[in-house]
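*Asks:* Got a structure here, written out as structure tokens. Questions coming.
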Amino acid sequence: MTLNLCVLTPNRIVWDSEVKEIILSTNSGQIGVLPNHASIATAVDIGILRIRLNNQWLTMALMGSFARIGNNEITILVNDAEKGSDIDPQEAQQALEIAEANLRKAEGKRQTIEENLALRRARTRVEAINAIL
Amino acid sequence: MAMAALRREGRRLAPLISPRTITAVRSSPLYPTLEDEGPLGVRHISTQVVRNRMKSVKNIQKITKAMKMVAASKLRAIQTKTENSRGLWQPFTALLGDLPSADVKKNVVVTISSDKGLCGGINSTSVKISKGLHKLNSGPEKETKYVILGEKAKAQLVRDSKKDIELIITELQKNPLNYTQVSVLADEILKNVEYDALRIVFNKFQSVVSFVPTVSTVLSTEIVEREAESGGKLVDLDSYEVEGGETKGEILQNLAEFQFSCTMFNAVLENACSEQGARMSAMDSSSRNAGDMLDRLTLTYNRTRQASITTELIEIISGASALEG
């Protein structure tokens, strides 16, 4: 029994095929989904999605939104998603450093929140690369 | 050369010829082709006028051909984006359902149209459907408001429904369309407008020659709950356990907002595609019409030219023969 996984962003379909298991990070923690999981609809946090195909784990950085799991079909709708293999390590590291610097400089509530989000996104991307290794 | 010489002769002799002689010559059966001297105008159209018309029609034809090619290239660019965004709203419909028949108190009709004209009838069909929805949903307890995207719908709806318009947004296509821009827009609409059901009216792009006006319905969370409880198509929603976040209501609220912005994104892209496709076909038929007009004008031009040559010849020859005879 395999799960059918669909990862969609507004601009393109990032992933659309069968997998054995996934680990998803939601607002209330990470959940692992195996075949014949109960039906749930959940919000997805900015974090890593781990996909297992035949004992090989792949990572994808997701930038938050929704997931629907039911009947061995998983649909994840995200604002943006990047496959771990598509991210350039150095660029991601630089982005992380820039985000950290911006956070320290941020003034006012709104900027702080925005920089926080940017930081989390950059961190997710770096983690996505590191997790493969 | 001989013609020119003859013409000069005729002009030199013209003052000597009395009008009476010419008329006598003209009515003689030796000089045909002038039976239609009834309407005085026929022989008086100058070739200059027809030539000017031909030049302007030819310019218009060139312009419309260029516009068609521009529209074709823009269409190709947007089409891939649209097809990619189509997959996005389907899960929402699968989960929450698209219920155009939901009976609600506060309807908001979001009409999507183009900013520029010359794109065929697509804007008029969108406006017609919006007005139809408005009529359908106006009654003692119900009310309908408009949110307008695009200049063309604004021009048409401002005339008769001014008091029902909540928001007008124009110049969407100045920057290439992307999701962030549309989600900001969706956010604005959700903040400023109270609604129970949002109906988005746009032209769905089926193919380069067919654009189908469609209505997508997005319901607010309370209505979704109500429908889910009352049975019908939304019962599946309850079978899903909702996780993440504080309460189910909060998640559903987020979900509804996300659904709205995804559906808007898809709708705006589809409408843009339809606009370019409609403009392509409108410009194509206009170039073809210009070509037809040009053919007809060429015929008229040749006839006028030949008529004027014949007139000159006759005058010369009649003048010359009057001299001899």
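*Asks:* Determine which single condition residue B:238 fails, assuming it passes every other condition in (1) touching a helix residue (DSSP H, G or I) at 6+ places or on another chain (Cβ under 6 Å); (2) within 14 Å of another protein chain (Cβ to nearest Cβ); (3) open to solvent by less than 50 Å² (accessible area, probe 1.4 Å); (4) modelled with pLDDT under 75.
*Replies:* (3)
*Asks:* Any residue in the stretch A:5-20 that's closer than 16 Å to residue B:259 by Cα: show its pairings with residues that are part of a strand (DSSP E or B) at Cβ separation under 6 Å, as long as the two are six or more apart or on different chains.
*Replies:* Partner pairs satisfying both residue conditions: A:7/A:14; A:7/A:15; A:7/A:76; A:7/A:81; A:8/A:77; A:9/A:78; A:9/A:81.
*Asks:* Of everything in the stretch B:257-285, what is among the hydroxyl-bearing types (Ser, Thr, Tyr) and under 30 Å from residue B:66 (Cβ atoms)? Give them in sequence order.
*Replies:* Matches in the stretch B:257-285: B:274, B:281, B:285.
*Asks:* To continue, here is another question. Can you tell me which residue is most open to solvent (accessible area, probe 1.4 Å) among those in the stretch A:52-66 that are more than 7 Å from every other protein chain (Cβ to nearest Cβ) and among the hydrophobic types (A, V, I, L, M, F, W, C)?
*Replies:* So the residue we want is A:57.
*Asks:* Being more than 14 Å from every other protein chain (Cβ to nearest Cβ) and either touching a Lys or Arg at 6+ places or on another chain (Cβ under 9 Å) or at pLDDT 95 or above (or both): is that true of residue B:277 here? Outline the logic, then answer.
*Replies:* Values: more than 14 Å from every other protein chain (Cβ to nearest Cβ): yes; either touching a Lys or Arg at 6+ places or on another chain (Cβ under 9 Å) or at pLDDT 95 or above (or both): no.
Judged against the criteria, residue B:277 is not a match.
*Asks:* Among the numbered criteria (1) surrounded by 16 or more Cβ atoms within 10 Å (Cβ to Cβ); (2) within 42 Å of the chain's Cα centre (by Cα); (3) aliphatic (A, V, I, L, M), which single criterion is violated by residue B:299?
*Replies:* (1)
*Asks:* Examine the stretch A:74-97 for a residue that is open to solvent by less than 80 Å² (accessible area, probe 1.4 Å) and on the phi > 0 side of the Ramachandran plot, and state whether such a residue exists.
*Replies:* No.
The values are calculated or read from the model by the stated rules, or taken from the named source; none is laboratory data. Note that the coordinates shown come from a computational prediction; the quantities given were computed from them, not determined experimentally. Positions of Cβ are backbone-derived with ideal geometry, glycine not excepted, and every protein chain shown enters the neighbour counts. Surface accessibility is based on the protein's heavy atoms, side chains included, excluding ligands, DNA and RNA. Shrake-Rupley method; radii C 1.70, N 1.55, O 1.52, S 1.80 Å.
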